[in-house]
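Notes follow the structure.
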Amino acid sequence: MSTQSASRTPLAVLISRPWIWSWAAAALAFAATLGLTSGRGAGELAYAALSFGAFAAIVGMGQMLVITLGPGNIDLSVPATMTLAATLALRTMGTEPGTALYGLVIALAVGFCVGIANFALIFLLRLPPIIATLAASLIYQSIAIWSNRGLRIKPPEGLAEFATGRFLGVPNVAWVALVLAILVWVLLERLTWGRWLLATGQNQRAARLAGVPVEAVRAVTYVSVAIFAALAGYLLASFSGGAALNMGTEYLLMSIAVVVIGGCSVAGGDSNVPGVWGAALFMFLVVSMLNSYGTGAGVRNVLTGTIIICIVIAASTRRARQ
Amino acid sequence: MSFFSRYRILLPVISLAVLLAATFYMQPRAMSYFGLNLLFNLAVPIALATIAQMMILMVNDIDLSIGAFVSLVACVTATFLNDAPLLGLLILAALILAYAAMGAVIDALELPAIVVTLGMSFVWGGLALFILPSPGGAAPGWLRTLMTVKPPLMPMAVVASILIAFVTHMLIIRSGFGTVLRGVGGNARAISRAGLSVTRLKAWAYGLAGFFGVLAGMALVGLTTAADANIALRYTLLSIAGVILGGGEFTGGKVSPTGAVIGALTLTLAASFLSFLRLSPDWQIGSQGAILILVLTARLIFSRKGDAA
């Protein structure tokens, strides 16, 4: 595909990029919402979309790496990891000022341990990743319940200010997600490790025969997704004024949905960082669009589901044409 | 090979037996008609949902919407089927057709099932919320009677489980049609070379899943007498776990209906067992995960033995 694109017009090149569709959908939802208010509140809407989209983008990029590993690879422990990391980090910080960095280290350490545990189940016990991460997530959930004790500990003031603050008019959490996105993109497109990951996802056997350390690639990927989830949990808890036991729930479906809408192949071996960002914005914007049109929760869900399926169908027919 | 296949069903049977023995040891009073009924009561809808999930795994797909679908069926059962039985039946039939159509579309357009079912879970959940915005409704009288019937010798839940396992075993393992359906998971290309339409067969597999999903929702309402839009959301994960516990595989059309039913019973029993242990409620969910990992680890030993034999 990339060899052909050189001779095509810029527009054709743009359309051939799989990430353009999620951005177009996000722009459409944005325009449809503003159409109702005849353009008022554009800045606020964009700001909210960037804030909430950032969390979805962070967990989505982690999930993307795992899904890139190939069929059957998925991490269902994302919500539990988010909750556990946030709970333990906030408990350690105990609203003391100046402990934000300490809390971050705790959260990332939780993510690291969870990733190692998940991969141990998958590699040592040879469990299918779906079932291994599902069973393990029940345990993480229990640890979170046990350490939380129903208390809602506030984040330290400075951290809360950072999580809800802005820099150059863009929410700080969006900056974090953006930096991560660039890191992941460089990793995937420019570094050997990313090539190994894609090769593993396209054909694990061929990759192994070609000398790719397949198991090491898988291990690092499962640890990365857990660390991404932990970071998202830490930021989300600081953003929303404390960790709650159900704070991660919606991010399970969200993390998978943004990967798919973003144009990554669910069969693995193909990933797409900008698309995930576009999809994360889209998922927020579509809900706010339906909200501003005054639809009830039931109708909103039906429409969200229908839109997801329509995008998947559109993406697949586009692939078939090429 | 015959050794291997015999071992496959042994594992779910042994794990259920061990767990049952442990439960009886902890709580000897459970060893009665009434006790067994209490232990396994809620297993019937879970077993039916597990069978539904098995139909999808059988054709190499996965269904992330079955929990939302069972919730929707429960809402329809507690409202329309109770107030206007004919309309209710029509809606349930339409839901089964919708499932079959979903299977046909997934195959015809080569869509990833995991994503389509994920999207459909929003649709089913939204419809359920639309029908029943707040918990309520009532179970039709005949359904309530059916689910609380007290047959001689064995409690209803046990009889129903055996019946479900027998019927689905005959359908999927023994019948020619079931063999072809499993063939779609095993080697879809061979099936289409043999002149059969894979799209039509996938529609059948999904339709069967929808049918058992409908039965699961109805059974659930018969037990709980009321419904709400989130009543069965956890069934999605439970059903996947049940199929795998029962010796099924994610790919290759390797499924066992009997194993799936036993897997569902094991999961239900694990919850009861943990409450008998007087474990702190904090750790109940976690121990369920630990039991799941333990049983699946045992599966590893069995499959190694199977490879050797």
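Amide H contacts of A:R166: A:N172, each under 5 Å away and 5 or more positions distant or on a separate chain (H built 1.01 Å from N in the peptide plane; Pro and chain starts excluded). Toward the positive end of the charge dipole of chain B, with +1 on the Cβ of Lys and Arg and -1 on the Cβ of Asp and Glu, the farthest Cα among B:P133, B:V59, B:G183 is that of B:G183. Taken along the Cα-to-beta-carbon direction at a fixed 7 Å, the label points for B:S280 and B:V180 span 5.7 nm. Among the residues of A:290-300, the average count of other protein chain beta-carbon atoms within 10 Å of the residue beta-carbon is 3. Please compute the net charge surrounding B:I106, taking Lys and Arg as +1 and Asp and Glu as -1 over other residues with Cβ under 11 Å from its Cβ. It works out to a net charge of -3.
Subtracting the Cα-Cα distance of B:N187 and B:F166 from 0.36 nm times their residue separation leaves 5.0 nm of extension gain. Membrane-span-like helices of chain B, defined as complete DSSP H segments with a Cα extent of 20 Å or more along the helix axis and a mean Kyte hydropathy of at least -1.0, are identified as B:2-26, B:43-58, B:85-108, B:113-131, B:198-224, B:257-276, B:284-308. Loop-resident chymotrypsin sites (Phe, Trp or Tyr not before Pro) (DSSP state other than H, G, I, E or B) in the stretch A:224-297 with no more than 16 further Cβ atoms inside 10 Å of their Cβ: A:Y293. Placing +1 on each Lys and Arg Cβ and -1 on each Asp and Glu Cβ, with no other charges, gives the stretch A:18-321 a dipole about its Cα centre of roughly 500 debye.
Between A:R166 and A:S288, the simple label model (points 7 Å from Cα in the Cβ direction) yields a spacing of 1.1 nm. Considering only B:A232, B:A270, B:A17, the mean-square fluctuation computed in a Gaussian network model of chain B, springs between alpha carbons under 10 angstrom, is largest for B:A17. Each Lys and Arg adds +1 at its Cβ and each Asp and Glu adds -1 at its Cβ; summed about the Cα centre, the protein assembly as shown shows a dipole of about 1200 debye.
Per-residue ellipticity at 222 nm, computed for chain A from helices alone with -39500 (n - 2.57) per DSSP H run of at least four residues, works out to -25000 deg cm²/dmol.
Over the stretch B:147-300, what portion of Cα pair distances is larger than 18 Å, expressed as a whole percent? Summing the P(r) tail past 18 Å for the stretch B:147-300 gives 67 percent.
Taking every DSSP helix (H) stretch of at least 4 residues in chain B, weighting each as -39,500 (n - 2.57) and dividing the sum by the residue count yields a mean residue ellipticity at 222 nm of -24500 deg cm²/dmol. Using only side-chain charges placed at the Cβ, +1 for Lys and Arg and -1 for Asp and Glu, the dipole size of chain B relative to its Cα centre rounds to 820 debye. Shielding value for A:125-131 is 6, the average number of Cβ atoms from other chains within 10 Å of each residue's Cβ. For the stretch B:142-241, applying the loop criterion from DSSP together with a ceiling of 14 other beta carbons within 10 Å to the trypsin sites (Lys or Arg not before Pro) yields B:R234. A simple count of charges around A:T95, restricted to other residues whose Cβ falls under 9 Å of its Cβ and scoring Lys, Arg +1 and Asp, Glu -1, yields -1.
Across peptide A:308-314, the mean count of Cβ atoms from other chains lying within 10 Å of each residue's own Cβ comes to 5. Charge tally around A:A181: other residues with Cβ under 15 Å, Lys/Arg +1 each, Asp/Glu -1 each, net 0. Label point of A:L183 set 7 angstrom out along Cα-Cβ; within the stretch A:92-121, amide nitrogens under 13 Å from it belong to A:105, A:108-109, A:112.
Shown in residue order for the stretch A:48-58 are the 3J(HN,Hα) couplings computed by the Karplus curve 6.51 cos²θ - 1.76 cosθ + 1.60 at θ = phi - 60°: 5, 4, 5, 5, 6, x, 4, 5, 5, 5, 5 Hz (x for Gly and Pro). Per-residue Karplus couplings for the stretch A:160-172, computed as 6.51 cos²θ - 1.76 cosθ + 1.60 with θ equal to phi - 60°, are listed in order as 4, 5, 5, 5, 9, x, 9, 9, 6, x, 10, x, 4 Hz, Gly and Pro entered as x. Between B:A84 and A:S240, the FRET efficiency estimated from the beta carbon spacing at R0 = 35 angstrom works out to 0.20.
Toward the positive end of the charge dipole of the stretch B:1-112, with +1 on the Cβ of Lys and Arg and -1 on the Cβ of Asp and Glu, the farthest Cα among B:F34, B:A104, B:A49 is that of B:F34. Each residue of the stretch A:104-115 is assigned a 3J(HN,Hα), and the resulting list reads 4, 4, 4, 4, 5, 5, 4, x, 4, 5, 4, x Hz, derived from the Karplus form 6.51 cos²θ - 1.76 cosθ + 1.60 (θ = phi - 60°), x at Gly and Pro. In this calculation the C-beta distance from A:A48 to B:N230 is compared with R0 = 22 Å, giving a FRET efficiency of 0.25. Computed from the C-beta positions of A:T295 and B:W142, the FRET efficiency with R₀ = 22 Å rounds to 0.05.
Any read-out appearing in this document is the output of simple, stated calculations on the displayed coordinates, not a laboratory observation. Given the structure is predicted, the values throughout are model-derived calculations rather than measurements. Because the Cβ atoms are built from the backbone with ideal geometry, glycine has one as well, and the counts that use them run over all protein chains shown.
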